[in-house]
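Participant: Below is the structure I would like to discuss, written out as structure tokens.
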Amino acid sequence: MSLVESLEAYPALAEAAAQLFYVACQSEVTQQLVERSLPVVAGALGASYAAVMTGEKGVWRPVAAFGREKTVPIELLSDVLDLDAPRGLADWLATPLRAEGTTGWVLLVRGTWETAPAGDSSLEVVCRWLGEAIATTMGHQQSRARLARLEAIVGLVAQWRQHSAMEPLLVSIAETSTRLLEAERASIFLWDRASKTLVGRPALGVEGGELRIPENAGIVGQVVASGEVRRVDADIEADQREVDRRVDKKLKFETRSILCVPLRGAGGVLLGAFEVLNKRQGNFTRDDELALVELAAHAATALESTQTIENLVQTRKQLVDHAASGVELVGECASIGALRSAVKRVADTDLAVLILGENGTGKEVVAQSIHYLSKRRHEPFIAVNCAAISESLLESELFGHEKGAFTDAREMRVGKFELAADGTLFLDEIGDMSLGGQAKLLRVLEEKVVVRVGGSVPIPTKARVLAATNQNLAELVRAKRFREDLFFRLNVVSLDLPPLRARGEDIVLLAEHFLKQFAARARRRLPKFTAAARKRLLMHPWPGNIRELRNLMERLAYLAPEDQDKIDAGDLEFILSPGTSPATSLGDGTLADATREFQMEFIHKTIESTRGNMTLAAEKMGLQRSNLYRKMRQLQMDVGEDNN
Ligand SMILES: Nc1ncnc2c1ncn2[C@@H]1O[C@H](COP(=O)(O)OP(=O)(O)OP(=O)(O)O)[C@@H](O)[C@H]1O
């Protein structure tokens, strides 16, 4: 029956309908509405008493009442709920409220009627109107509460996002949830399936701040097993019996009320449970339940992303340790000892360091050592070989470019300064940088901001710049090929690397170091150098320095017969003396293989003959310096830099 139809059927109730409508419009919360409606209901039905009762877990409480009664007929209320129909008992009448959100609610009236209103159904009609009014007010109230809750939660969640470590995040979740739900305590229980335990954190008063309980223990165990929300009320005995008092004892705490919701991660995977204890006043409400479900969803996301961050940090740490362990400045001669202590001294400063030395003397190894010994060790180490990049591309390589900045700039590209972020940028072969490039680099070093080519947004940079060269920079400054101001800026500290030929016995030490490395890689026995071989190594001028020695040891490890356990002077001859290399002898390979071998050998020898001076070597071969590097990369030769 619609409202209009019911008004036509019960004209005597028209005034009550109008009053109820007025009351509904004036009431903000359900409680207020029920309180104001009950006199209208009683008046319309001619009752001396009217109450809205709510029954949960066998306990009946009044939402509001009009009139006074010492006792109310509980059995009648339970019957009405069980039968879901109006019932009378003596001069009591009760009927269920059937509107949305009023499950378990009953309207109870008492009067001395000549014709009981149940008989002509006016009770049911009034009850329906009341139910509708309650449902509407309740809906509005819930929407407002949800909005307020969401506003509060959004603020909290924003704070949670800032955590990159688990422990402070758990404490923050617990503290904010306790405050929001007006509870005394909150804990997150993460389910450790392997050990069948629930790990509760933070656990105040427990050593280690962590409480371990069996996965099926207490209310938390029930929530994890069922995936359903559980509420324990302070005044319901049956609820109280389910509380695991052993945990209380352990924590020296007395649990009165509990609200516990499942904690689900991405894809609905059950991660554990989220529990709040002891509502400061009364019991946890349906609204608290909705709030905790909402909080749990955000907490799960925050926990998962923090876990991912923690894992990433751990993995990065392992990778950095691994990379750092591979950077070893081998050598015992006095100059290397002095260099090693200088590296230690400058590492944790932000001073600009210029590393000088011939090609292949280990300038990049020194730069990496500085990086891994500094507080920047967990940040990137980026190396750029300034000589291997053409002048036109260097700017975009270092500073990046925006999409469309020039013809080939099809995509935006981040520059090496940005990639280095808070780490170290190693500029190798800085002496080969054009004057235009030098001016731009100087500006970046002075202003600490980069602007991508074709862009206008200044991007702050905190990268530490280390530079290296095999050229005499002071000379280049005199010849006006290198800016003096940039030279002073880069050259706050300079570290000189001696050529290998000046390192005495270190030559043998390094040879043994590399041979050991490559023999292990080639899975072969480690051969030993004879006295004559050592002498031969010490006599060689090593124009390509340590890179040459390393390459030589690599070839030895792979080319010397596997059962050979001694390397004699004669075994070194074919590599150390020009003109007898395997590439020029007849072999089994294809013409392409032979050409490749020849090119490699030719380039190798030319570089050796210029004592590692790449500019001179390129000139001798009739190549641009950058083309020489490209060719070497094409042939998969070691170019001693990690550019791409
Ligand atoms: N003291 C050292 N201990 C161990 N290995 C070294 C040492 N010095 C150099 N090396 C190795 O020698 C090779 C060449 O070193 P690196 O690339 O650092 O030289 P570079 O001076 O930067 O060369 P270039 O000027 O050609 O760029 C690398 O494989 C490096 O690992």
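None of the figures in this text is laboratory data; all of them are computed from the coordinates on show. Quantities reported herein were computed from a predicted structural model and do not represent experimental measurements. Glycine also receives a Cβ, built like all others from the backbone with ideal geometry; neighbour counts cover every protein chain displayed.
Participant: Local charge sum around residue 167 (other residues, Cβ-Cβ under 13 Å, Lys/Arg +1, Asp/Glu -1)?
Facilitator: That works out to -2.
Participant: Using r as the Cβ-Cβ distance of residue 321 and residue 410, and R0 as 51 Å, what FRET efficiency do you calculate, to the nearest 0.05?
Facilitator: Calculated transfer efficiency: 0.85.
Participant: Taking only the C-alpha atoms, wrap a convex hull around the stretch 271-383 and report its volume per residue in Å³ as a whole number. Walk me through the intermediate numbers first.
Facilitator: On the way: hull volume 20.6 nm³, N = 113.
That works out to 182 Å³ per residue.
Participant: Only four residue types carry charge here, +1 at the Cβ of Lys and Arg and -1 at the Cβ of Asp and Glu. Report the dipole size of the stretch 3-138 about the Cα centre in Debye, rounded to the nearest 20.
Facilitator: 440
Participant: Put +1 on the Cβ of each Lys and Arg and -1 on the Cβ of each Asp and Glu in the chain; which of 504, 45, 97 then has its Cα farthest toward the positive end of the dipole?
Facilitator: 504
Participant: May I ask for the longest run of the chain untouched by GluC sites (Glu not before Pro) that are loop-located per DSSP and have at most 16 neighbouring C-beta atoms (other than their own) within 10 Å?
Facilitator: Result for the longest clean stretch: 412-504.
Participant: Evaluate the stretch 162-311: find the radius of gyration of its Cα atoms, find its Kirkwood radius, and give the ratio Rg to Rh.
Facilitator: Numbers: Rg = 14.2 Å, Rh = 15.2 Å.
Rounded to two decimals, Rg/Rh equals 0.93.
Participant: Would you grab the residues whose amide H sits under 5 Å from the one on residue 567? Only those 5+ places off in sequence or on another chain, please, with H modelled 1.01 Å from N.
Facilitator: Excluding prolines and chain starts, which carry no amide H, the hits are 528, 529, 530.
Participant: Taking the Cα centre of the stretch 181-275 as origin, work out the dipole magnitude from +1 charges on Lys and Arg Cβ and -1 charges on Asp and Glu Cβ, in debye rounded to 20.
Facilitator: So the dipole magnitude of the stretch 181-275 works out to roughly 360 debye.
Participant: On to the next question. First select every other residue whose beta carbon is under 12 angstrom from the beta carbon of residue 59; then total the charges, Lys and Arg +1, Asp and Glu -1.
Facilitator: -3
Participant: Ratio of the stretch 71-185's C-alpha Rg to 2.2 N^0.38 Å, to two decimals?
Facilitator: Values: Rg = 22.7 Å, N = 115, 2.2 N^0.38 = 13.4 Å.
This ratio for the stretch 71-185 stands at 1.70.
Participant: Multiply the residue separation of residue 18 and residue 434 by 0.36 nm, subtract the distance between their alpha-carbon atoms, and state the gained length in nm to one decimal.
Facilitator: Between residue 18 and residue 434, full extension yields 140.8 nm more.
Participant: Follow-up question, since we're still on this one. Can you sort 591, 495 by how many other beta carbons sit within 10 Å, fewest first?
Facilitator: Lowest count first: 591, 495.
Participant: Also: Take the Cα atoms of the chain, find their three principal axes, and give me the spread along each one in whole Å, biggest first.
Facilitator: The Cα atoms of the chain stretch 129, 54, 51 Å along the principal axes, largest first.
Participant: Further question on the same structure: Quick check: residue separation of residue 256 and residue 481 times 0.36 nm, minus the Cα distance between them. What number comes out in nm? Spell out each step's value before the answer.
Facilitator: Working: separation 225, 0.36 × 225 = 81.00 nm, distance 8.19 nm.
That works out to 72.8 nm of additional length.
Participant: Relative to the present Cα-Cα distance, how much length would full extension add between residue 596 and residue 158 at 0.36 nm per residue of separation?
Facilitator: So the chain would gain 151.7 nm between residue 596 and residue 158.
Participant: Sticking with this structure for a sec: Which three semi-axes in whole Å describe the equivalent ellipsoid of the stretch 334-496, each the square root of 5 times a Cα gyration tensor eigenvalue, listed largest first?
Facilitator: They are 27, 19, 13 Å, listed largest first.
Participant: Could you tell me which of 476, 366, 283 has its Cα farthest along the dipole of the chain towards the positive end, charges placed at Cβ (Lys, Arg +1; Asp, Glu -1), taken about the Cα centre?
Facilitator: Most positive-ward Cα: 476.
Participant: Taking only the alpha carbons of the stretch 505-634, what extent do you get along each of the three principal axes, in Å, biggest first?
Facilitator: Principal-axis extents of the Cα atoms in the stretch 505-634, largest first: 42, 36, 25 Å.
Participant: Find, to one decimal place in angstroms, the Kirkwood hydrodynamic radius of the stretch 140-231, where the mean of 1/r is taken over every pair of different Cα atoms and then inverted.
Facilitator: Kirkwood hydrodynamic radius for the stretch 140-231: 14.8 Å.
Participant: What is the spin-label model distance, in nm, from residue 333 to residue 8 if the labels are put 7 Å beyond Cα along the C-beta direction?
Facilitator: 11.3
Participant: Continuing with the same structure: Tell me the volume per residue, in Å³, of the convex hull enclosing the alpha carbons of the stretch 3-138.
Facilitator: In the stretch 3-138, the Cα convex hull volume per residue is 100 Å³.
Participant: What span do the alpha-carbon atoms of the stretch 298-355 cover on each of the three principal axes, reported in whole Å from largest to smallest?
Facilitator: 59, 24, 14
Participant: For the pairs 448/620; 403/462; 317/416; 363/605; 196/252; 344/462, flag any whose C-alpha to C-alpha distance is greater than 28 Å.
Facilitator: Where the Cα-Cα span goes over 28 Å, the pairs concerned are 448/620.
Participant: Pairwise over distinct Cα atoms, reciprocal of the mean inverse distance: report the Kirkwood radius of the stretch 450-538 in Å, one decimal place.
Facilitator: When all Cα pairs of the stretch 450-538 are included, the Kirkwood radius is 18.0 Å.
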